[in-house]
1. Just one of (i) 23.2; (ii) 21.5; (iii) 20.7 is Kirkwood radius over Cα pairs in Å as worked out from the coordinates here. Which one is it?
2. Where does the charge balance sit around LEU157 when Lys and Arg score +1, Asp and Glu -1, over other residues with C-beta under 12 Å from its C-beta?
3. Restricting to lysine pairs 8 or more places apart or on different chains, what number in the chain have Cα atoms under 25 Å apart?
4. Using alpha carbon coordinates only, what is the Rg to Rh ratio of the range 183-324, with Rh defined as the Kirkwood radius?
5. Which ³J(HN,Hα) values, rounded to whole Hz and listed in residue order, are derived for the range 198-205 from phi using the Karplus coefficients 6.51, -1.76 and 1.60 in 6.51 cos²θ - 1.76 cosθ + 1.60 with θ = phi - 60°, glycine and proline given as x?
6. Which angle between 0 and 90 degrees, to the nearest 10, do you get for helix 265-282 versus the longest principal axis of the chain when only C-alpha atoms count?
7. Between ASN67 and SER82, what length in nm is gained on full extension when 0.36 nm per residue of separation is reduced by their alpha carbon distance?
8. Non-local amide H neighbours of GLU30 (under 5 Å, H modeled in plane, Pro and chain starts lacking H): which ones?
Amino acid sequence: MSAHPADESAPGRKESHGRYHQLPATAMSEVEWHSVALSPITLIKGTESLIAARALERLRTLAREQNPEVAIHELPGESGESLVQVASPSLFGEPRLVIVPELQNAPDALIAEILDYLPSPEPDVTLVLVHRGGNRGKKLLDALTKAKVPTVPAAPLKRAADKQAFVTAEFTRAGRRIQPDAAAALVDAFGTDLSELAAISRQLIDDTTADDGTAPAPVTTSEVHALTAGRVESTAFAVADAAIAGREQEALQLLAQAMLAGADPVPIVAAIASKMRSLAAVTAPGATARTLGKPEWMIRNLSREARSWTDRSVARALDAVAQADHEVKGAARDPRWSVQHMVMEICRARRAR
């Protein structure tokens with residue numbers, strides 16, 4: 001669920017001359033990391049450090065945009081400073097952003113201070129609590145939940161749709177745009193590691209930004225493929241796309257290129273298997289973007305392709321994939337031929353229907 005823009009009408013926040021008032025009991029609870037707005041108290045909770053860092057970076061930026069003179073304090077457990085010291089009313093009423101970066105390791109005294117502070121936050125203070133997992137501080141976490149403090153989930157991203165949203169947000173942060181299918185291609189190639197996905201997004205942004213300051217067009221799939229040409233996953237999905245469309249010659253040429261580049265048969269089969277499972281999934285009764293955890297545009301593309309397949313032809317293709325998976329993992333003497341045979345069988349299954 002996305003947070004509302006930081007304005008006077010946003011729930012959970014009321015401003016008067018740039019100052020915060022107490023968080024109402026009806027405030028929203030969970031907000032996305034790329035949409036979180038300033039609030040008297042915000043909790044960032046989860047083990048994915050990159051998501052937590054992005055949410056914290058956004059809140060720092062918003063605080064500075066609201067008032068460049070904002071004072072930023074961090075309260076690590078060993079600092080010796082107390083929340084009372086940094087959050088007590090100021091004579092000049094200057095705004096403060098107070099961050100507790102390791103709430104799960106905070107001393108009991110600091111946790112008790114936050115519990116006492118929770119019912120009545122200071123109007124000129126934005127308190128951000130970062131809890132990176134574990135059960136320590138459960139009493140405080142329960143109290144924050146009961147108070148409906150805005151909470152940013154920083155759990156590891158597992159769904160492709162969430163990773164694509166991450167890529168889109170990375171481009172937005174840089175003032176750039178990326179086409180949905182290009183974001184999907186980037187996730188296909190680098191989606192196993194979020195830090196790597198962030199780094200390659202940054203590289204793609206830099207590589208496609210003009211030096212003259214002109215606003216560049218949204219990044220396209222071809223630009224992603226140019227950058228990810230050496231990635232096995234990207235090549236394998238291109239093979240899968242061609243095979244599912246019945247373009248046997250193209251699929252075999254792409255496969256040959258991947259093999260010549262030293263691609264291992266196992267991840268190639270895994271990527272093609274993933275694509276075939278997605279095709280099969282969209283044919284299930286009641287399948288939607290929400291139930292499958294995939295973006296609408298991808299479901300539309302898969303559904304359009306599925307019209308050329310029948311239940312029998314899909315089953316035949318999946319059998320070919322399962323056989324190839326078995327063979328490339330040690331059951332055959334020539335894994336390369338197993339992959340080639342699988343691609344041919346998928347194309348023939350589509351033609352046979």
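Derivation of every value follows stated rules applied to the coordinates shown; laboratory data play no part. Everything numeric here is computed off the predicted structure, so don't read it as measured data. Note that each Cβ is placed from the backbone with ideal geometry, even for glycine, and that neighbours are counted across all protein chains shown.
1. From the options (i) 23.2; (ii) 21.5; (iii) 20.7, the structure gives (i).
2. 0
3. Lysine pairs meeting both conditions in the chain amount to 19.
4. Result for the range 183-324 is an Rg/Rh of 1.00.
5. Each residue's phi maps through the Karplus curve to give 5, 5, 6, 5, 5, 5, 5, 4 Hz.
6. In the chain, helix 265-282 runs at an angle near 80 degrees to the longest axis.
7. Value of the extension gain: 3.0 nm.
8. Here the answer is THR151, since their amide H atoms fall under 5 Å of that of GLU30.
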